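Notes follow the structure.
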Amino acid sequence: MAEIGSGKKTSLPPGLYVVATPIGNLADISERALDVLAGVDRIACEDTRVTAKLLTAKLIKKPLLAYHEHNGAVQRPKILDMIKSGERVALVSDAGTPLISDPGFKLVAEAQDEDLYVTAIPGPCAAITALSLAGLPTDRFLFMGFPPNKSGARQSWFTAEAKTHASLVFYESTRRLPECLADAAEVLGNRAVAVCRELTKKFEEVRRGSLPRVAAQYSQEGAPKGECVVVIGPPERKEETGGGSDMDTDALLKAALNHMSVKSASAFVAEVTGEKKKALYARALELSGK
Ligand code: SAM
């Protein structure tokens, strides 16, 4: 197979090359990404103007092909045909890693299904960069993409993951950040948060603190400028489902149910554990088979 990434211009086999590009600092593009962009026959990109700027800065001239949410169904067969006829096609997004809250998943899937050569040239990704800086647990994290725009839907979106024992990572427009953090604080309560803004750029900022406090700060200051990623730390162990404390809660409920009514048992366990009475009542009903 052709050698890629030696720093020299190399010949590449026909296929699809998923190439990560910078999220704010042009110097973050890898040597291998530059080799590939210089070596392919054409580049499929979200916005040809954005990619043209990157290529001009790196002295690369290539035919560009728009590939985005609205024309994917039409463009996909064309791109696959190009590859079948021996072309090398790179896929880039406006910034960062394609497919991560960006187009590309269906193109990659269809190219794989057709046994075409597909490879990735990894590099910048705002979510991963935020995790590198947030100072929150990274052993388990859930990337959630973008939250819904409306408050009700957003609260349900947070509620669905309220018990997930992982750091929650999501993208949000800075314009909506204050309302979004207020909803997150209302649903998730007192957790740690890091708002990672303008990553790799001149005014990079990481604001860390408790979710209610940081939400209050932004609601007072108003929406900040630029782009941001929000990382919310996991719930405390006692809230984890399936783990120690839920089992302890069940054990407590069972013991209490031996000599108390469902109502008294759930009130008693709520007092001991600090958990919500309503949820405990529902669980006590289940455990008592009523
Ligand atoms: N595929 C990209 C990636 O790998 O990071 C993400 C694309 S998504 C459409 C764009 C969102 O990523 C922005 O709205 C923002 O939430 C986040 N983002 C991108 N660049 C960023 C940066 N330099 N600093 C903070 N957040 C950034």
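The values are calculated or read from the model by the stated rules, or taken from the named source; none is laboratory data. All of these numbers come straight from a predicted model, not from anything done at the bench. Backbone-built Cβ (ideal geometry, glycine too); neighbour counts: all protein chains shown.
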Item checked: Subset of the range 218-234 [over 14 Å from Arg176 (Cα atoms) and not in a strand (DSSP E or B)] -> Gly233, Pro234
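Counting only residues that are within 22 Å of Pro235 (Cβ to Cβ), away from the ligand (no atom under 12 Å from the Cβ) and not assigned by TED's automatic domain parsing to the domain that holds Ala95, give me the helices (runs of 4 or more DSSP H) lying completely in the range 111-217 with at least 3 of them.
Values: elements: 126-134, 151-159, 177-188.
Per the criteria, 151-159, 177-188.
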Next item on the list: With the condition kept exactly as written, say whether any residue in the range 160-182 is under 15 Å from the mean Cα position of the chain (by Cα) and aromatic (Phe, Trp, Tyr).
Entry: yes
Note to self: Please go through (1) more than 11 Å from the ligand (Cβ to nearest atom); (2) among the charged types (D, E, K, R); (3) modelled with pLDDT of 95 or more for Asp250 and return the number of the only condition it doesn't satisfy.
What the structure shows: (3)
Next item on the list: Among the residues of the range 205-232, write down those that are over 14 Å from Glu172 (Cβ atoms), without any contact (Cβ under 8 Å) to a residue 60 or more places away in the chain and in contact with a strand residue (DSSP E or B) (Cβ under 8 Å, 6 or more places away or on another chain).
Entry: Glu205, Gly209, Ser210, Gln217
Item checked: Some residue of the range 224-239 being within 22 Å of Glu275 (Cβ to Cβ), basic (Lys, Arg) and out of contact with any Pro (no Cβ under 8 Å at 6 or more places or on another chain) -> yes
Next item on the list: Starting from the range 233-258, keep only residues that are loosely packed, with under 14 Cβ neighbours inside 10 Å, then list their pairs with residues that are at pLDDT 50 or above and not in a helix (DSSP H, G or I) whose Cβ atoms are within a distance under 7 Å, requiring at least 6 positions of separation or different chains.
Entry: Thr241/Lys163
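Each row is one residue, and each column tells you yes or no for (1) at pLDDT below 95; (2) of a type in the set (Phe, Trp, Tyr); (3) under 26 Å from Ala166 (Cβ atoms).
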{"position": "Phe203", "(1), (2), (3)": "no, yes, no"}
{"position": "Arg208", "(1), (2), (3)": "no, no, yes"}
{"position": "Pro212", "(1), (2), (3)": "no, no, yes"}
{"position": "Ala215", "(1), (2), (3)": "no, no, yes"}
{"position": "Val229", "(1), (2), (3)": "no, no, yes"}
{"position": "Lys254", "(1), (2), (3)": "yes, no, no"}
{"position": "Ser264", "(1), (2), (3)": "yes, no, no"}
Next item on the list: Please name all residue pairs, on different chains or six or more residues apart, with Cβ atoms under 6 Å, provided the first residue is in the range 93-116 and is of a type in the set (Asp, Glu) and the second residue is within 16 Å of the ligand (Cβ to nearest atom).
Entry: Asp94/Glu46; Asp94/Asp47; Asp94/Val50; Asp102/Ser93
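Restricting to the range 74-102, and then to whatever is within 16 Å of the ligand (Cβ to nearest atom), out of contact with any Phe, Trp or Tyr (no Cβ under 6 Å at 6 or more places or on another chain) and part of a loop (DSSP other than H, G, I, E, B), can you tell me which residue is farthest from Phe146 (Cα to Cα)? Walk me through it before giving the result.
Here is the first cut: in the range 74-102, the residues within 16 Å of the ligand (Cβ to nearest atom) are 90-102.
Remaining after also requiring out of contact with any Phe, Trp or Tyr (no Cβ under 6 Å at 6 or more places or on another chain): 91-98, 100, 102.
Cutting the leftovers down to part of a loop (DSSP other than H, G, I, E, B) gives us 92-95, 97-98, 100, 102.
Numbers: Val92: 20, Ser93: 16, Asp94: 16, Ala95: 16, Thr97: 15, Pro98: 15, Ile100: 11, Asp102: 11 Å.
So, considering only residues that are within 16 Å of the ligand (Cβ to nearest atom), out of contact with any Phe, Trp or Tyr (no Cβ under 6 Å at 6 or more places or on another chain) and part of a loop (DSSP other than H, G, I, E, B), the one farthest from Phe146 (Cα to Cα) is Val92.
Could you go through the range 236-243 and let me know if any residue there is modelled with pLDDT of 95 or more, more than 16 Å from the ligand (Cβ to nearest atom) and over 21 Å from Ala153 (Cα atoms). Step through it out loud before you land on a result.
Going residue by residue through the range 236-243, those that are modelled with pLDDT of 95 or more are none.
There is no residue in the range 236-243 that is modelled with pLDDT of 95 or more, more than 16 Å from the ligand (Cβ to nearest atom) and over 21 Å from Ala153 (Cα atoms).
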Note to self: Can you pull out every residue in the range 93-117 that is β-branched (Val, Ile, Thr) and either touching a Pro at 6+ places or on another chain (Cβ under 9 Å) or surrounded by fewer than 17 Cβ atoms within 10 Å (Cβ to Cβ) (or both)?
What the structure shows: Thr97, Val108
